[in-house]
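The values are calculated or read from the model by the stated rules, or taken from the named source; none is laboratory data. These numbers were taken from a predicted model, which means no experiment stands behind them. Cβ coordinates were reconstructed from backbone atoms using ideal geometry, including for glycine residues, and neighbour counts include every protein chain displayed. Heavy atoms of the whole protein, side chains included, go into the accessibility calculation; ligands, DNA and RNA do not. Shrake-Rupley method; radii C 1.70, N 1.55, O 1.52, S 1.80 Å.
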Amino acid sequence: MLKTAAQEQLLPGETLQEKWDFAQAAGYAAIELRAKGDLHFASRLPELQQAAKDGVVMPTVCVEMLHFFGAFDDDLRRDAIEQMKSQLTVIGELGGLGAQTPASYGMFSRRLPPFEPPRSPEQDREILLAGLTELGEHAAAEGVTLYLEPLNRYEDHMVNRLDQAADLLREVGLDSVKIGIDSYHMNIEESDPAAAIVAHAAYIGHAQVSDSNRFQPGAGHLDWPAWLGALHTIGYDGYLAAECRLTGDPVEAVRSVPAFLRGSGA
């Protein structure tokens, strides 16, 4: 049976301990943390360490920054890499598994004017390989994993599909860099999401879930039995972390996710 997690902002409660009480009662096995820039995640270390002592399970963190390691600007790119290094260190100190990040978010889209980005595809690749290598080496030193998340074409112009991410990871050649898949983005970009999971099984390290409309699983039309069945096929034993918006009553919506996924094959 696959384990479900909920990102912390979805859970009711003022503290991680209160959120954990709700999460456990709803059937979740963990909380996925969110990490802002400006070293904010590192400033939370005392809070996070106390939560861990109190039994809160926090295996992964998902970044929530304004710029990422694929940024066009050199200074922004360097800042994003340093922020990610800090976040990898913190999740390592908590005994966690790793941190998930896209190459970029909202930086450029070929679907909007001027349609062609300021860097060539070759320059994009060089930047991504350099960033993934530096972050992967840091992750390895901290005993954790960097999860690269492909985003849909409207949010990132560089890494949209699992095959693109796997191609980068093959060249990087580090076990500390894996793909963090997201059902929402896969629903947009993959012609056959289940087949993509099976084809790139060796590179998948983490999974985030939301439905076809970005709401909680069960609120859209994603083929959950096929998607979850593919994870079973490849022997995935990690977490399914809910990263979604909520429709309907928010408390009931987030409460519904573990039972829905179990009923769909998780």
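The table below lists the values:
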item: Only listed residue being of a type outside the set (Lys, Arg) and not in a loop (DSSP other than H, G, I, E, B), chosen from Leu146, Leu112; result: Leu146
item: Given (1) free of Cβ contacts under 8 Å to residues at least 60 places away in the same chain; (2) touching a strand residue (DSSP E or B) at 6+ places or on another chain (Cβ under 6 Å), index of the condition Leu146 fails; result: (1)
item: Search result, residues across the stretch 100-132 that are over 16 Å from Ala165 (Cα atoms) and open to solvent by less than 80 Å² (accessible area, probe 1.4 Å); result: Gly106, Met107, Phe108, Ser109, Pro117, Arg119, Ser120
item: Conditions (1) over 23 Å from Gly205 (Cβ atoms); (2) in contact (Cβ under 8 Å) with a residue 40 or more places away in the chain; number of the one not met by His40; result: (2)
item: Residue tally, condition out of contact with any helix residue (DSSP H, G or I) (no Cβ under 8 Å at 6 or more places or on another chain), within 17 Å of Ala259 (Cα to Cα) and open to solvent by 40 Å² or more (accessible area, probe 1.4 Å), over the stretch 1-20; result: 1
item: Test for Ala202: is it open to solvent by 50 Å² or more (accessible area, probe 1.4 Å) and more than 16 Å from the chain's Cα centre (by Cα); result: yes
item: Yes/no for Ser210 being in contact with a Pro (Cβ under 9 Å, 6 or more places away or on another chain), among the small types (Gly, Ala, Ser) and either farther than 26 Å from Ser120 by Cα or surrounded by 18 or more Cβ atoms within 10 Å (Cβ to Cβ) (or both); result: yes
